[in-house]
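The values are calculated or read from the model by the stated rules, or taken from the named source; none is laboratory data. Because the structure is predicted, anything quoted here is derived from the model rather than measured. Positions of Cβ are backbone-derived with ideal geometry, glycine not excepted, and every protein chain shown enters the neighbour counts.
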Amino acid sequence: MATLPIAQERLAAEFGPHKNYAPREGFPGRDEPDDVVKTHCCFCGMQCGIQLLVKDNRVVGFEPWEEFPFNEGRLCPKGVQRYLQNNHPDRLLAPLERVEGVGFRPIDWDRAMERTVSEIQRIQEKYGRDAFAMLSGVSLTNEKSYLVGKFARIALKTRNLDYNGRLCMVSAGAGNKKAFGIDRTSNNFSDLKHAEVVMICGTNVSETFPTLTHWIWQARDNGAKLIVVDPRTTPIARLADLHLPVRPGRDSALYGAILHQLIKHDWLDHEFIANHTSGFEETAAVVKDYDLEWAENVTGIAKDKIMLAAEWWGKAATSFLLHARGIEHHSKGVENVIACINLVLATGRIGRPYCGYGTITGQGNGQGGREHGHKCDQLPGNRDIENPEHRQYIASVWGIEEKDLPHKGLTAYEIIQAIHRGEIKGLITICFNPLVSLPNNTYVREALEKLEYYVAIDFFLNETAQHANLVLASSLHEEEDGTVTTAEGRVVRIRRAVKPPGNARTDTEIILEIARRLGAGKYFSFENSEAIFNELRVASKGGTADYYGITYEKIEKNMGVFWPCPTLDHPGTPRLWEDKKFKTPDGKAHFNPVPHRDPMEITDAEYPVILTTGRVVSQYLSGTQTRRIGKLVDQYPEPLLEIHPTLAAKYGITDRQIVAVISRRARAEFPAQIVETIREDTVFVPYHWAGKQSINQLTSGHLDPISKIPEFKVSAVRLEPTNRRAPLPPLEPNQSSGGSPAHPAPQLPPTHAFRG
Amino acid sequence: MNTTQFNQNEEFFIDPQRCIGCHACEMACAECETNGQTPMIHVDYVDRATTVQTSTQVCMHCEDPTCAKVCPADAITKDEFGVVHSANTARCIACANCVMACPFGVPKKNQETQLMMKCNLCYDRTSAGKRPMCATVCPTGALWYGTREKMRQLRPNSDPVNNFQFGMQMVKTKVNFMMPKGATILVVD
């Protein structure tokens, strides 16, 4: 039973999240570092270059890395503060074992490994191999993602491996494979620079990918028109030339209506459609009735705005369409993606300079981590685990019999459902905090509590790991060498800056040791991360995501290489489809018809308000890292309920009043933030928090039938104001106290004196 | 001190229409050891109830700095490059005259140390040929440091403005605001 050993409050007191701040005078040694390490941020898919300052095996600060071509030194607040997760007081320094009524106590590695392996073997002997599952994450490097895929299949011998990309880019991946036969953004971001129209669909770029904003502003400097589709006036939407505030869950109606107008006004590239695509006629037939009247009614967007968007898109010579979770986190996420791609194909604006399309990958290695066997249905090189040829090739690379390679397993949320049903009894997790990030938290917690044995590999004791029987203290991003693939498809080098502290071990060491003890040592004899990458290169060779021609040396020399890169003398591929040879079986790009349908949960008399969720600029995903960094927490300390004044007035809600939000799953309370920057029929709560502050208590487990992504972006709720109010946040804390509340009054350093 | 690397051709530009209110500038500024984890640049919502618009304020480094004029202790000085420095800690008497007089509202009085603190254009960086930290990390180019020629070339739809009118007071600054093409003065009534 993977229940909490003691009350959650006691665990939080011991293991955090506690807020970490830099000392006033900075960490010792920052001015004379032992090393300045060029690496990348550990957070989002932009993978901004950054230099870490290292002193005595501590990361003591950062310096912008101005030569790295994507961000040229630019960073968001998370990037500026990322170094504070190093040497954090909450850091796990040794393996921990759950002790009922006591909490967690440190044990030695030998015993921890022995326990891990004996429990895996016990559960698999008793219930079958697939009764032990693995959940992983794509903050891991390419090397570790590949290693986890191989480990699960030939050491753990389970088919049930999946990853947190299932909550992220899978709808985009599935849509892109249908349309193009490949799952990668089609262009690098420099193609934004001279695009005449930039359309941003369901992506809060300014808060979730702040450094991408620069590229969009560059386009505008050069005369681009910016269209933003979002139910909220996000910072990027405020500055857009045209903001389309779509009703959550009605995205495909908008894109269908725009396609209708493109056809009606003949804003089409007939040559491209005829020679390089298939499926146009069927797709056009579906949108035949999607006129402006209908679209306004369904999407809630004024028809003249829809028309203007269609006209700008239709008449442009160059364009770039970007989307992200806003259209992908739906029970029809794949359909929304396809509906966007249809607009790109109809106008033939792809595979040329400043003609771009792509999803903005969310997680640090959301791109590379979804290519090399991390997913339940996938083998390295983005191969299909059910394709006999693909299976045979990977089996030969790994030196096993094809019959010993497990087949397709369950997706992430389905693994939780199978645990809940009692079919999966054991679990190992790495780099995933599903108790915060999956929908319907209560259900997820019930599932975790049913596990017979749960091993968590992590560097902090996140809320999910608190349910573990055993916690293996692992490594941060800056503690291992490797590569990641950015949202642009650029493979970059992550450099080890420091060693794991205390008795913590690297993720790689931990996985290799478990593999050895499970008797699979001969398949896991890697000397270092580069050796793993070199095997990945071979395993990816010939696949759509072909890394064979990429080496550590080549990455370092070129500050990154874009895949596909099939041979050592190949320069990489920043822009796909210049040859118009698509990777679909017929070599053409595919239109796919998208009949509009409603989201799974629609509002009614009992649940009359739409709830949508998302992120804030100072936090990242489930907050395991960012809820531990003081200034990031202080910037936005708690989840707020964004609500329009008209809707608030209907319920008599005033600013900072605590409001109960109730869905079919749960009830949770949040302080109201009354703002005109959201649709009147929609409320928004960001999802980075745990327990009673988690909005994912309320979200549903409705999944997209193809991608199996949960519908985070649309739930039906009702609002019940309480008679309590949240206190006002402190005014300018940095001015009144001279710094963070966690630190005593400062001694101003002597260097402050006038130095002119 | 070696100040030979201060490049007088490079200037600071604030482009408010690019600001996304992320606070990266504040956090990076606070990292400087002279600031003791307190930012010298300030990002605030204009009126969050109606908009997500934010306003960024950095010291404008006035040609004829009001803060220095009203300082009874002569603690604030402008150097040969036009950088108006934070108060000399040996002289500052924490009277807050500068706090009240600055038309841009830049200087802050640190209550615990009883000293005025403000932006000194990252003198440690700019005098070593680097860009100020805030303008280096700003993810959107809302804060930018470089030559005027380059700025005009990069942003052809805007003009840098460094003349401000506050009621009867005219202020000329070293730091520029990017304004719509053709603007020459920003009038704050």
All positions within the stretch B:133-172 that are among the aliphatic types (A, V, I, L, M), within 14 Å of another protein chain (Cβ to nearest Cβ) and not in a strand (DSSP E or B): B:Met133, B:Ala135, B:Val137, B:Ala142, B:Met151, B:Leu154
Anything in the stretch A:191-221 that is in contact (Cβ under 8 Å) with a residue 60 or more places away in the chain, within 21 Å of A:Leu576 (Cβ to Cβ) and either hydroxyl-bearing (Ser, Thr, Tyr) or outside any strand (DSSP E or B) (or both)? List them, or say none. A:Asp191, A:Leu192, A:Lys193, A:His194, A:Ala195, A:Glu196, A:Thr203, A:Phe209, A:Leu212, A:Ala219
Residues that are farther than 25 Å from A:Leu53 by Cβ, in a loop (DSSP other than H, G, I, E, B) and within 11 Å of chain A (Cβ to nearest Cβ): does the stretch B:21-28 have at least one? yes
Tell me, please, whether a residue that is without any contact (Cβ under 8 Å) to a residue 60 or more places away in the chain and acidic (Asp, Glu) can be found in the stretch A:151-164. no
Considering only the stretch B:88-116, how many residues are at the interface with chain A (Cβ under 8 Å from one of its Cβ atoms), buried (at least 19 other Cβ atoms within 10 Å of the Cβ) and not β-branched (Val, Ile, Thr)? 4
Are any of the residues in the stretch B:56-63 surrounded by fewer than 21 Cβ atoms within 10 Å (Cβ to Cβ) and either part of a loop (DSSP other than H, G, I, E, B) or touching a helix residue (DSSP H, G or I) at 6+ places or on another chain (Cβ under 8 Å) (or both)? yes
Those residues of the stretch A:34-57 which are within 13 Å of chain B (Cβ to nearest Cβ) and either farther than 19 Å from B:Met27 by Cα or without any contact (Cβ under 8 Å) to a residue 12 or more places away in the chain (or both), in sequence order: A:Met46
Just one of the numbered conditions (1) closer than 22 Å to A:Cys431 by Cα; (2) surrounded by fewer than 17 Cβ atoms within 10 Å (Cβ to Cβ) is not true of A:Leu4; which one? (2)
Residue within the stretch A:211-234 that is at pLDDT 95 or above, crowded, with 21+ Cβ neighbours inside 10 Å, touching a Cys at 6+ places or on another chain (Cβ under 7 Å) and within 14 Å of chain B (Cβ to nearest Cβ) present: yes
Filter the stretch A:648-676 down to residues that are assigned to a loop (DSSP other than H, G, I, E, B) and among the β-branched types (Val, Ile, Thr) and give me whichever is nearest to the other protein chains (Cβ to nearest Cβ). A:Val675
Across the stretch A:311-342, what is the number of residues that are surrounded by fewer than 24 Cβ atoms within 10 Å (Cβ to Cβ) and within 17 Å of A:Leu244 (Cα to Cα)? 3
Say we look at the stretch A:140-162 and pick out the residues that are touching an Asp or Glu at 6+ places or on another chain (Cβ under 9 Å) and not in a helix (DSSP H, G or I); which of these is surrounded by the most Cβ atoms within 10 Å (Cβ to Cβ)? A:Leu140
Take the conditions within 12 Å of chain A (Cβ to nearest Cβ), outside any loop (DSSP other than H, G, I, E, B), of a type outside the set (Lys, Arg) and surrounded by 15 or more Cβ atoms within 10 Å (Cβ to Cβ) and apply them to B:Val43. Does it pass? yes
Assess whether A:His330 counts as being assigned to a strand (DSSP E or B) and either free of Cβ contacts under 8 Å to residues at least 12 places away in the same chain or under 22 Å from A:Ile610 (Cβ atoms) (or both). no
Does the stretch B:66-85 contain any residue that is touching a helix residue (DSSP H, G or I) at 6+ places or on another chain (Cβ under 6 Å), buried (at least 24 other Cβ atoms within 10 Å of the Cβ) and either of a type outside the set (D, E, K, R) or in a loop (DSSP other than H, G, I, E, B) (or both)? yes
Being at negative phi, more than 14 Å from every other protein chain (Cβ to nearest Cβ), of a type in the set (A, V, I, L, M, F, W, C) and in contact with a Phe, Trp or Tyr (Cβ under 6 Å, 6 or more places away or on another chain) is the requirement here; does A:Val198 meet it? yes
Report whether or not A:Leu242 is of a type in the set (A, V, I, L, M), more than 12 Å from chain B (Cβ to nearest Cβ) and in contact with a His (Cβ under 9 Å, 6 or more places away or on another chain). no
Residue, surrounded by the fewest Cβ atoms within 10 Å (Cβ to Cβ), within the stretch B:117-132, restricted to residues that are in contact (Cβ under 8 Å) with a residue 12 or more places away in the chain and facing chain A (nearest Cβ under 10 Å): B:Asp124
Are there any pairs, at least 6 apart or on different chains, whose C-beta atoms fall under 7 Å, with the first in the stretch A:76-90 and under 15 Å from A:Leu52 (Cβ atoms) and at the interface with chain B (Cβ under 8 Å from one of its Cβ atoms) and the second part of a loop (DSSP other than H, G, I, E, B) and modelled with pLDDT of 95 or more, and if so, which? A:Gly79/A:Cys41; A:Gly79/A:Phe43; A:Gly79/A:Cys48
Residue check: is A:Ala237 in a helix (DSSP H, G or I), more than 8 Å from chain B (Cβ to nearest Cβ), farther than 14 Å from A:Thr299 by Cβ and touching a residue at least 60 places away in the same chain (Cβ under 8 Å)? no
